[in-house]
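See structure below.
Laboratory data are not the source of any read-out in this text; all were calculated from the coordinates shown. Please read these numbers as outputs of a predicted model, since none were measured by experiment. Here the Cβ is made from the backbone with ideal geometry for all residues, glycine too, and neighbour counts use every protein chain on show.
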Amino acid sequence: MPFDDPFFRDNKTMSPLDHERRMYLETRNVKHAIRALQICGELMQAGQYGCDTLPGWLLEWLMSALARVQDVFAGDVPESKTADAIAEAFGFKQTGQGQRTSAVSDWQLDARDLALAGAVWRAKRHDPTQRMRPIVAAVAAEYHVSRETVFDAWSKWKTFVAGEQPDPPDEPDPPNE
């Protein structure tokens, strides 16, 4: 049976699987494929109807990576470099190879940004009349990051966290104070 996204099947407007798919296609960052694989695994373990296989894009990524792993084992890779070759087969690159960040550090930054966006959403929900500047400043102080970091996190994740559409043009610019 082909994969049937349960989030869309239940008439939800957003799907974490679709989000990970779009992010993977946009960035080719392996962390999005890994997260989608985790979500699918959880759905399969829960016995969710229509989730007894993987979405096509994810199965294609996994089979391609596994083929590269087989090439590693069939090739002349020294045993001391096998782990690095397998990581590279799955798309992980070490920092220093033309990369400023790794998939792991990107994942950590996304987790932090998601937490920041969640804090902004909770504050807006608690007091809908409060303006963005004081909310952003309070969250920045609470998490010990800059206001720009909080604003960027909110801009990146607000659709996912709150289901909100992008802010209208009259939304205040990020604080530069």
Estimated D of segment 103-162 in µm² per second, where Rh is the Kirkwood radius over Cα pairs and Stokes-Einstein applies at 4 °C, 1.567 mPa s: 114 µm²/s
Compactness of segment 13-58, expressed as Rg and Dmax over alpha-carbon positions, Å: 10.5, 31
All Cα pairs of segment 6-89, percent lying beyond 17 Å: 55 percent
Over segment 18-153: Rg over Rh, Cα atoms, Kirkwood Rh: 1.10
Ranked by how many other beta carbons lie within 10 Å on average, peptides 137-145, 115-123, 35-43 from highest: 115-123, 35-43, 137-145
